[in-house]
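Encoded as structure tokens, the structure appears first; notes follow it.
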Amino acid sequence: MTMEPMTLDRAQDYLQKYYGYPEFREGQRNIVSSVLNHRDTLGIMPTGGGKSICYQIPALMLPGLTLVVSPLISLMKDQVDALITAGIPAAFINSTLSGKEVNDRIRAAAQGDLKLLYVAPERLELDWFREEMSHLPISCIAVDEAHCVSQWGHDFRTSYLAVAPFVEGLSQRPIVAAFTATATPEVMDDIVKLLRLREPQVFVTGLGRDNLAMTVLRGENKREYVMAYTAEHAHETGIIYAATRKEVDQLYDRLQGAGISAGRYHAGMTDNERAASQEGFLYDDIRVIVATNAFGMGIDKSNVRYVIHYNMPKNMEAYVQEAGRAGRDGEPSQCILLFNGQDIMTQKFLIEQNQQDDERKHNDYRKLQQMMDYCYTNRCLSNAMLDYFGEAHEDKPCGTCSSCTDDRELIDMTVDAQKIFSCIHRMRERFGVSMVASVLKGSRNKKVLQYGFESMPTYGTMSNRTEKEISDVINVLASDGYLALSEGQYPVLKLQSLAADVLKGQRQVMQRVARPSRTKTAGLS
Ligand code: ADP
Ligand code: ZN
């Protein structure tokens, strides 16, 4: 069945009438018309991208009822209240209701008095509920936060596995429209497979937000940076994410000490303390909130001008979600990631601490490596991000990220790269970044001597650099695909075919790097 051209115009009329918006956003238009065409649809959009409208407008236009599966009980009521205020008949059913209230709402749905009914996924596991629903004219099932069906996601919920059998138990199969902000290929595959979508149309949109300027800073003095930045932006609203409660508390104390209007948020605080912080932030009594990643679920504050990551997050999904809390109002905003080698250690430690099977651990290490690649790349950060999530984009740099605005000179690093590659080759591709850097530096540390590396021709060939500088160059080479790091706690450097081209003199390597630092004894004339 194809849609008459009028339908999308009509959808736009509804958008104006009920929401007061004149236009669909690019991604919304595609998704709405796919659903109205009775196609199973997977819509991937960042938080704040406008997912709700993608199923609410079709719900108004399709006959019967749209059932919305949503995991956040706390948000259901807000959503439904907003719909009712807009004049859209909607209700929710969850564990906060009495038996009578539940029955009343089911009856209202059966009588055709509702267009949207929100339920938590757990409800779909109940036999009596399935039985009740099987009599209703359900045209569409909208699955919100659909990544919860996947073990690869960051928020797996078993009850999402009940969605597919539920759909199949209905007398008429409805359209299934799934939504998430998580767009890794594994998660997308899982959603399609585990929700048993039929020939779905998949739309990935809006991850690149033009108003967000992405920055990665390596080797910065983090604390000084944050103090200076917050002082300079004292009248702007910002979020600073730190990895641990201890770090949150310390930063918070310093900011307060410096007279900056700061709050904090982490799981070690009481419920009351956390609620107070959250409200203070929402109502602009607090400018900067220092928080662990516990902060943010369901926070919809539009005027956040900057999100600073004091530590590298565990993966790109987490990063994009947290950084994406900046600039919801479309105004120019900053996403700044402060990165150093310690962050890698911290994340590896956390992976090792999590009791989980080998496959998951492997997956976590791979995602960590991809996060590190983002931190080390010289490429346009916006494009690197879009590529990671598989979103189509123009082949031109964004012009605002820290790679695009990097005015350090592009230096020919071919000779250094050749030294590094041949050293790795001679070490038989059995060692990690720091060991290779030690050998190139000409270090006399115990492990170097124990393996007899001091007699290798590449030993000490980069002695004019610090080991940290050499490590940085190696990491950038890995991020650019010349080298791969094996997965696991102690990754080993492997040469890739690009590196072979460099060794053969068929390819030039350019990097933006700090100039080699001079050793003290060399003196400055
Ligand atoms: P999500 O569920 O993806 O996080 P929401 O559906 O809550 O996002 O929408 C985020 C914000 O964008 C809301 O304030 C919403 O009213 C607004 N919005 C959504 N669609 C449009 C549109 N077409 N034009 C203008 N604003 C929109
Ligand atoms: Zn860029």
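The values are calculated or read from the model by the stated rules, or taken from the named source; none is laboratory data. Computed from a prediction, not measured in an experiment: that's the story for all the values here. Here the Cβ is made from the backbone with ideal geometry for all residues, glycine too, and neighbour counts use every protein chain on show.
Listed here are the residues, each with its yes/no results for (1) under 21 Å from VAL163 (Cα atoms); (2) out of contact with any Phe, Trp or Tyr (no Cβ under 8 Å at 6 or more places or on another chain).
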site	(1), (2)
MET61	no, no
LEU75	yes, yes
ALA86	no, no
PRO89	no, yes
PHE92	yes, no
LYS100	no, yes
ALA110	yes, yes
ARG130	yes, no
PRO137	yes, yes
Original post:
Filtering the stretch 317-337 down to residues that are of a type in the set (D, E, K, R) and more than 13 Å from ligand 1 (Cβ to nearest atom), which residue is nearest to the chain's Cα centre (by Cα)?
Top reply: GLU317
Original post:
In the set LEU67, LEU136, LEU60, which member is within 22 Å of HIS147 (Cα to Cα) and touching a residue at least 24 places away in the same chain (Cβ under 8 Å)?
Top reply: LEU67
Subject >> ARG209 vs. criteria in a loop (DSSP other than H, G, I, E, B), within 16 Å of ligand 1 (Cβ to nearest atom) and of a type outside the set (A, V, I, L, M, F, W, C) >> reply: yes
**OP:** Identify all residues within the stretch 28-41 that are more than 14 Å from ligand 1 (Cβ to nearest atom), outside any loop (DSSP other than H, G, I, E, B) and not hydroxyl-bearing (Ser, Thr, Tyr); write none if there are none.
**Re:** VAL35, LEU36
**OP:** Answer yes if at least one residue in the stretch 239-246 is under 29 Å from ALA384 (Cβ atoms) and assigned to a helix (DSSP H, G or I), and no otherwise.
**Re:** no
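Being among the hydrophobic types (A, V, I, L, M, F, W, C) and farther than 24 Å from GLU220 by Cβ is the requirement here; does VAL439 meet it?
It is true that VAL439 is among the hydrophobic types (A, V, I, L, M, F, W, C) and farther than 24 Å from GLU220 by Cβ.
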**OP:** For the stretch 182-206, name all the residues that are assigned to a loop (DSSP other than H, G, I, E, B) and surrounded by 17 or more Cβ atoms within 10 Å (Cβ to Cβ).
**Re:** THR182, ALA183, THR184, LEU195, LEU197, PRO200, THR205, GLY206
Original post:
Which residue, of TYR160, TYR225, is part of a helix (DSSP H, G or I), of a type in the set (Phe, Trp, Tyr) and under 22 Å from the mean Cα position of the chain (by Cα)?
Top reply: TYR160
Original post:
So which of VAL436, VAL476 is at pLDDT below 95 and buried (at least 21 other Cβ atoms within 10 Å of the Cβ)?
Top reply: VAL476
**OP:** Name every residue in the stretch 405-419 that is surrounded by fewer than 15 Cβ atoms within 10 Å (Cβ to Cβ) and in a loop (DSSP other than H, G, I, E, B), in order of residue number.
**Re:** THR405, ASP406, ASP407, ARG408, GLU409
Subject >> Qualifying positions in the stretch 107-128 - closer than 16 Å to LEU170 by Cβ and under 37 Å from the mean Cα position of the chain (by Cα) >> reply: ALA109, LEU117, VAL119, PRO121, ARG123, LEU124, GLU125, LEU126, ASP127
Subject >> Failed item, numbered, when GLN28 is tested on (1) within 15 Å of GLN201 (Cα to Cα); (2) of a type in the set (S, T, N, Q); (3) at pLDDT 95 or above >> reply: (3)
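Looking only at residues in the stretch 345-404 that are among the basic types (Lys, Arg) and either within 11 Å of ligand 2 (Cβ to nearest atom) or part of a loop (DSSP other than H, G, I, E, B) (or both), which one is surrounded by the most Cβ atoms within 10 Å (Cβ to Cβ)?
Across the stretch 345-404, the extreme among qualifying residues is ARG379.
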Original post:
Of all the residues that make up the stretch 204-235, how many are over 16 Å from VAL320 (Cα atoms), of a type in the set (A, V, I, L, M, F, W, C) and out of contact with any Phe, Trp or Tyr (no Cβ under 9 Å at 6 or more places or on another chain)?
Top reply: 4
Subject >> Cross-chain or 6+ apart pairs with Cβ under 8 Å, the stretch 253-273 first and surrounded by 14 or more Cβ atoms within 10 Å (Cβ to Cβ), then β-branched (Val, Ile, Thr) and assigned to a loop (DSSP other than H, G, I, E, B) >> reply: SER261/ILE286; ALA262/ILE286; GLY263/ILE286; TYR265/THR292; HIS266/THR292
Subject >> Hits in the stretch 2-27 (condition: more than 14 Å from ligand 1 (Cβ to nearest atom) and polar (S, T, N, Q)) >> reply: THR2, THR7
Original post:
How many of the residues making up the stretch 81-101 are surrounded by fewer than 19 Cβ atoms within 10 Å (Cβ to Cβ) and at negative phi?
Top reply: 14
**OP:** Of the conditions (1) within 14 Å of ligand 1 (Cβ to nearest atom); (2) farther than 21 Å from PHE166 by Cα, VAL68 clears all except one; give me its number.
**Re:** (2)
**OP:** Name the residue, out of LEU8, LEU42, LEU15, that is aliphatic (A, V, I, L, M), at pLDDT below 95 and more than 16 Å from ligand 2 (Cβ to nearest atom).
**Re:** LEU8
**OP:** Name the one entry in VAL448, VAL436 that is in a helix (DSSP H, G or I), away from ligand 2 (no atom under 16 Å from the Cβ) and more than 16 Å from LEU495 (Cα to Cα).
**Re:** VAL448
Original post:
Cβ-Cβ below 9 Å, separation at least six or inter-chain, first residue in the stretch 278-300 and on the phi > 0 side of the Ramachandran plot, second part of a loop (DSSP other than H, G, I, E, B) and surrounded by fewer than 14 Cβ atoms within 10 Å (Cβ to Cβ): which pairs?
Top reply: ASP284/ASN303
Original post:
Does GLY48 meet the test of being in a strand (DSSP E or B) and within 13 Å of ligand 1 (Cβ to nearest atom)?
Top reply: no
Original post:
For the subset of the stretch 146-195 comprising residues that are basic (Lys, Arg) and over 17 Å from ILE44 (Cα atoms), which member is nearest to ligand 2 (Cβ to nearest atom)?
Top reply: ARG157
Subject >> Count of residues meeting criterion [part of a loop (DSSP other than H, G, I, E, B) and in contact (Cβ under 8 Å) with a residue 12 or more places away in the chain] in the stretch 457-504 >> reply: 20
Original post:
If we scan the stretch 148-160, do we find a residue that is at pLDDT below 95, closer than 30 Å to LYS361 by Cβ and in contact with a Ser or Thr (Cβ under 6 Å, 6 or more places away or on another chain)?
Top reply: yes
